[in-house]
Amino acid sequence: MSSLRIYIILFILSAAGLYAGGPDKSVKLHPSVTAVRTTEHISIDGILNEATWQGRPSIDRFIQREPDEGAEPTEKTEIYVAYDDYALYIAARMYDDHPDSIQARLTRRDNVVTADRLLICLDPYHDKRSGYYFTINAAGTLTDGVLYNDDWDDNSWDAVWEGKARIDDKGWTAEIRIPFSQIRFKNSDTQVWGINIKRLIARKNEEDNIVKIPKNEGGFVSRFIDLKGLDGIRPPGKVEILPYITGKAEYSQHDAGDPFNKGSIYTPGIGADLKMGIGSNLTLNATINPDFGQVEIDPAVINLSDVETYYAEKRPFFVQGSSLFDFGNGGARNFWGFNFPSANLFYSRRIGRDPQGSAPDSAEFSSVLSGTHILGAAKLTGKTGNNWNVGIIQAITQREYGKYQLDGVKYQNEVEPLTYYGVGRLQKEFNEGKQGIGFMATYTERDYLDESLSAITNKSAFTGGVDGWTSLDTSKTWVVTEAVGMSYIQGTRERLIDLQENSQHYFQRPDAVHFRVDSNATSLTGFAGRFYLVKQKGNSFFNSAFGFITPSFDCNDIGFLSRTDVLNMHIGGGYDWTTPNDFFHYMDLGGALFRNYDFDFNKTNDGIYQFGDYQFTNYYYLNWDFAYNPWIVNNSRTRGGPLTLSPPGWQADFTLTSDDRKSTVFSAAVHSYQSNIEGAIEYDLSAEYRPTPNISLSIAPFISRDFQRVMYVGTYSDIYAVNTFGNRYVFGELDQKTLGASIRLNWTFTPDLSLEVYVQPLVSIGKYTSIKELARPRSYEYNNFTNITLNSSDNTYAVDPDGQGPAPTFTFDNPDFNIRSLRGNAVLRWEYLPGSVLYLVWTQTRSDDATTGDFSLHKSFSGLLDLHPDNIFVLKFTYWLDI
């Protein structure tokens, strides 16, 4: 069957229900909710004994969303809403016929777990697109976050608020106080907000709301009912200051005679964070001399590819409110990728990155810090008077110097220039969210004292983009989204040559048609874009997209981009079964066709994909996916050399997860890729054990074996390599075995005091055999070297590529590896006053690598504890001031 015919059939099946949707079918059990003004002091203790809570409840009617959509709740809930000049108060009585079965799990703040919970969702701007949520569970654990894009939420936002819960013989109760200073709303005599309240009964997997939220339709915030009665309140002019002091002790391994590392370093620190309301709609967050010693250590990663590893942001200043800076992700619920290297215009981990410079290779000893110091950063977020969402980030990182010793004399050199980073974001929704438009721009500028750094970093970089969406019908069933951007980089000729030849671009590819390295260039301009058509209401779903990234696009100064030179497309769809029956609780099936070209119209990716999800009636969960890829062209295997071919192959993934309501939860996954000549398989297991409601221990071991027939080793110039443009592109057959685990302990003593421990042991061993070279471009043909020897004295290979012929012998280091790593940290967190926290942190790393590819499980793991550890201890004290 032709690809075109498959596309047509898939489109027809996926687009079933094209005109489904129609008017909003939300069931609103309460036409509105009216808050009551109170004059008494309300003690937030979970005991509903104040006079304010003794009248008729504000809300007492809910409707099920899970498991029986549209049914009456199995338990009664009563909600009271009150306010004074300073805060909104919520009191709730959650009746339960079996209070001894209430799941009350105590965890650290913002850690969402399966438990009986109450969610307060607010839309203070009444824009029906965005808002806040505040959650308390039956054990008193608090979580909060923001709502955006109507359907999505982001738990990175943190507010200072109060909540207490109690379990009694009737069920459980909760009291919540949300200061008006923590949220933004319009400065108006009459306030009308949106509100939804959600109750979760864990043991029944039941979700109840005060408004019907259909499972087979989009839209959440847009369905909220009105919250009225908040008359006479004004957005307070808030100023919050969070000063901090830190003490840091580092103990590390060091070489004898190293003048820069005696084995211990002690560093005090002081700084402050500021949060200030500007008018009624904007909030300024600023940080001076920030410290992020309390964040969890990054996991160890074995990366043999030419693509940079992406690490998630964990630093609170950059995490909080980060959803506002998402580019190209508005209007629709789902954005399928299918190997599109999305251009992330803002990747906050570029700010404070490791210095790019280094000490001279001839230095006897050297010291270059990890991470550039952030002198200060500021973030302005909120809405303007005409309802534009605004986000601005500005940061300056310090000029950093490295130290080194040469011939017994100490020197210092600049390793990172003084750098400015700026990000701006504007976005606005129209017509109740049916249309939207946004703008985003970033700018980076560096100031050099040592001009040698201009050869390895860009002098300046700008990116800008426009994104938006429009609904094709009144019910927002069909949505078209778009995002287009451009980049402009300036630098020296030497830097621009290096940029054009790096792994994102490979302009030096000898058989490229539409681009070449421009050795005189001092700037580079490129473009990128992505367009979606999505059906997001009804049981059938449809998703299609076209995207492009020109070869010269680059946003990596403050963004993240793995590849350029891409034309990407897919079309797919499927069907959701959301009504439980005797066989399953939920199921979906879907599929897609996908394809990539480069700008020379080489087909670099192609395939057919099928996926499914199946939730059993006992709430076990199974998901899977399959993909088949025919012959395609590979334009990166030779790392800037000529094209090669990749043979057909298939991949499959299966994951089975048990019922997460139980005290023991497990998950098992298998990931496999196979072709007729190479393959990989990985097994992932995880188990979480909760011996008590406040302790959780999880262990997630994984083991993988990856066999690559052609793994890149290096490129070596040889004028006699006439079939491959004067270079020998050398590969080997790699047999890689990896074994590791992620181990976590969460022990929550009280809602304000918790201990988190994370440990990751990792061993990865790779053995290269059958060293060979590419025989000719645009093929999967390779010539094995026969005249090759391994010199044991310096562990290098020597290759004579043509025996008695004229080609010179070349050498390269033995690529075998044996990497062992053990890393982890422990964080004790005590919120001794609202917003004020004491942290005690211990971080330890052990690592070793060798050029031996022999796999010995016992020897590798037993030696981990014998490795010399590097230890870091941090004490951080913060104090929240509300002025």
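The values are calculated or read from the model by the stated rules, or taken from the named source; none is laboratory data. Predicted model, so just to flag it, every value in this text is computed and none were measured. Because the Cβ atoms are built from the backbone with ideal geometry, glycine has one as well, and the counts that use them run over all protein chains shown. With ligands, DNA and RNA removed, areas are computed over all heavy atoms of the protein, side chains included. Shrake-Rupley method; radii C 1.70, N 1.55, O 1.52, S 1.80 Å.
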Sole exception among (1) of a type in the set (A, V, I, L, M); (2) open to solvent by 30 Å² or more (accessible area, probe 1.4 Å); (3) modelled with pLDDT of 95 or more for residue 368, by number:
(3)
Go through the stretch 143-169 and report how many residues are in a loop (DSSP other than H, G, I, E, B), in contact with a strand residue (DSSP E or B) (Cβ under 6 Å, 6 or more places away or on another chain) and open to solvent by 50 Å² or more (accessible area, probe 1.4 Å).
1
Is it fair to say residue 548 is modelled with pLDDT of 95 or more, open to solvent by 10 Å² or more (accessible area, probe 1.4 Å), closer than 27 Å to residue 313 by Cα and in contact with a Ser or Thr (Cβ under 6 Å, 6 or more places away or on another chain)?
no
Might you check whether a residue that is closer than 23 Å to residue 304 by Cβ, of a type in the set (S, T, N, Q) and in contact with a strand residue (DSSP E or B) (Cβ under 6 Å, 6 or more places away or on another chain) occurs anywhere in the stretch 745-757?
no
Of all residues in the stretch 302-325, which are part of a loop (DSSP other than H, G, I, E, B), open to solvent by 40 Å² or more (accessible area, probe 1.4 Å), over 30 Å from residue 736 (Cα atoms) and out of contact with any strand residue (DSSP E or B) (no Cβ under 8 Å at 6 or more places or on another chain)?
314
Filter pass, residue 719 being at pLDDT 95 or above and outside any strand (DSSP E or B)
yes
Being open to solvent by less than 60 Å² (accessible area, probe 1.4 Å) and either touching a residue at least 40 places away in the same chain (Cβ under 8 Å) or of a type in the set (Lys, Arg) (or both), is that true of even one residue in the stretch 660-674?
yes
Being buried (at least 21 other Cβ atoms within 10 Å of the Cβ), more than 26 Å from residue 379 (Cα to Cα) and modelled with pLDDT of 95 or more narrows it down to one residue among 442, 481; which is it?
481
Do we find a residue being closer than 25 Å to residue 57 by Cβ, assigned to a strand (DSSP E or B) and among the β-branched types (Val, Ile, Thr) anywhere in the stretch 198-206?
yes
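Residues checked against (1) of a type in the set (Gly, Ala, Ser); (2) in contact with a His (Cβ under 8 Å, 6 or more places away or on another chain); (3) over 18 Å from residue 561 (Cβ atoms):
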site	(1), (2), (3)
465	yes, no, no
494	no, no, yes
506	no, no, no
510	no, no, yes
516	no, no, yes
521	yes, no, yes
525	no, no, no
536	no, no, yes
Exactly one condition in (1) touching a strand residue (DSSP E or B) at 6+ places or on another chain (Cβ under 6 Å); (2) of a type outside the set (Phe, Trp, Tyr); (3) outside any helix (DSSP H, G or I) is not met by residue 860; state its number.
(3)
Selection within the stretch 406-425 - of a type in the set (Asp, Glu) and touching a Gly at 6+ places or on another chain (Cβ under 7 Å)
414, 416
When the stretch 265-301 is examined, which residues are found to be touching a residue at least 40 places away in the same chain (Cβ under 8 Å), part of a loop (DSSP other than H, G, I, E, B) and of a type in the set (Asp, Glu)?
291, 296
Anything in the stretch 39-51 that is over 37 Å from the mean Cα position of the chain (by Cα) and either closer than 22 Å to residue 142 by Cβ or without any contact (Cβ under 8 Å) to a residue 24 or more places away in the chain (or both)? List them, or say none.
40, 41, 42, 43, 47, 48, 49, 50, 51
Which residue pairs have Cβ atoms closer than 7 Å, lie 6 or more positions apart in sequence or on different chains, and pair a first residue in the stretch 208-232 that is at positive phi and touching a residue at least 24 places away in the same chain (Cβ under 8 Å) with a second residue that is surrounded by fewer than 18 Cβ atoms within 10 Å (Cβ to Cβ) and among the hydrophobic types (A, V, I, L, M, F, W, C)?
229/36
Check the stretch 105-114 and report whether any residue there is surrounded by 22 or more Cβ atoms within 10 Å (Cβ to Cβ) and either of a type in the set (Gly, Ala, Ser) or under 22 Å from residue 223 (Cα atoms) (or both).
no
By residue number, the members of the stretch 663-703 that are farther than 30 Å from residue 111 by Cα and in a strand (DSSP E or B) are 672, 673, 674, 675, 679, 680, 681
Could you list, in sequence order, the residues of the stretch 687-711 that are over 29 Å from the mean Cα position of the chain (by Cα) and in contact (Cβ under 8 Å) with a residue 24 or more places away in the chain?
691, 709, 710
Looking at the stretch 346-364, which of the residues that are among the acidic types (Asp, Glu) and farther than 24 Å from residue 291 by Cβ is least open to solvent (accessible area, probe 1.4 Å)?
364
Checked the stretch 722-734 for anything under 35 Å from the mean Cα position of the chain (by Cα) and open to solvent by 30 Å² or more (accessible area, probe 1.4 Å); matches are 733
Could you list, in sequence order, the residues of the stretch 52-85 that are open to solvent by 20 Å² or more (accessible area, probe 1.4 Å), under 30 Å from residue 39 (Cα atoms) and either in a strand (DSSP E or B) or in contact (Cβ under 8 Å) with a residue 60 or more places away in the chain (or both)?
61, 78, 80, 85
How many residues does the stretch 103-142 hold that are in contact with a Leu (Cβ under 9 Å, 6 or more places away or on another chain) and either polar (S, T, N, Q) or assigned to a strand (DSSP E or B) (or both)?
17
Hey, does the stretch 789-796 have a residue that's part of a loop (DSSP other than H, G, I, E, B), of a type outside the set (S, T, N, Q) and either surrounded by 16 or more Cβ atoms within 10 Å (Cβ to Cβ) or touching a residue at least 24 places away in the same chain (Cβ under 8 Å) (or both)?
no
Top-ranked residue of the stretch 207-229 - restricted to ones that are out of contact with any Asp or Glu (no Cβ under 9 Å at 6 or more places or on another chain) and outside any loop (DSSP other than H, G, I, E, B), ranked as surrounded by the most Cβ atoms within 10 Å (Cβ to Cβ)
209
Picked from the stretch 237-269 (must be of a type in the set (A, V, I, L, M, F, W, C), surrounded by fewer than 15 Cβ atoms within 10 Å (Cβ to Cβ) and within 27 Å of residue 366 (Cα to Cα)), the residue modelled with the highest pLDDT is 249
Can you report the number of residues in the stretch 515-551 which are without any contact (Cβ under 8 Å) to a residue 60 or more places away in the chain and either part of a loop (DSSP other than H, G, I, E, B) or not hydroxyl-bearing (Ser, Thr, Tyr) (or both)?
17
